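Reviewing the structure listed below.
The values are calculated or read from the model by the stated rules, or taken from the named source; none is laboratory data. None of these values were measured; they are calculated from a predicted model. Cβ: placed from backbone, ideal geometry, glycine included. Neighbour counts: every protein chain shown.
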């Protein structure tokens, strides 16, 4: 069990390591923040496609040309939730709240994916232990810039370094939780995973739009919704039409 614990805690440690950047980089230094924001955006787009959307579609391959449906359903739900969070809590809690919410939101199904890998290994019908740790390490490396893009903006917004670091760490705490819940209910989680992968991908893509668009842009949320619609439409056509 210590081996499984090490595997499911690894992604969380990646987030914590990235959040620790707040103790190194200077407050209000825009250059590293912009660099981290751009780097994390690239990471999140790539992770959305190759770590979430494509595996989610593969899991639903039995549906044939409708294999995209669970993932798209999750993405549509995610964009709806993110839009609502931007309209209500994000407005009250400050400009960094949406990014914190998005990163935290997508970490949960990532944790579930790690938990599922180890659960299948324990049952003897999955990948080997080395493959499980490779997957967990890949998630951990992806989480490093994500931890930094939580803690750095929070500190720049006026929060203490320790509080900003805690927020970054907390955003990754849901990953081991998702892994443990999946270990406890492997069969149910496996059926639900494509939808959750789509939900996580939608949250990350919405957050990328938030980072890249101007806050002052009138009706910016409409452009983000249209981005999501266009992405889902093209993905659905690509799968359905071969």
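Does at least one position in segment 69-90 carry a residue that is more than 17 Å from the chain's Cα centre (by Cα), surrounded by fewer than 19 Cβ atoms within 10 Å (Cβ to Cβ), at pLDDT 70 or above and not in a helix (DSSP H, G or I)? Among the residues of segment 69-90, not one is more than 17 Å from the chain's Cα centre (by Cα), surrounded by fewer than 19 Cβ atoms within 10 Å (Cβ to Cβ), at pLDDT 70 or above and not in a helix (DSSP H, G or I), which makes the answer no.
State whether one or more residues within segment 100-114 are more than 12 Å from the chain's Cα centre (by Cα), at pLDDT 85 or above, farther than 19 Å from residue 229 by Cβ and surrounded by 14 or more Cβ atoms within 10 Å (Cβ to Cβ). Yes, segment 100-114 contains a residue that is more than 12 Å from the chain's Cα centre (by Cα), at pLDDT 85 or above, farther than 19 Å from residue 229 by Cβ and surrounded by 14 or more Cβ atoms within 10 Å (Cβ to Cβ). Within segment 1-57, track down each residue that is at pLDDT below 75 and surrounded by fewer than 18 Cβ atoms within 10 Å (Cβ to Cβ). Matches in segment 1-57: 26, 27, 28, 29, 30, 31, 32, 34, 35, 38, 39, 42.
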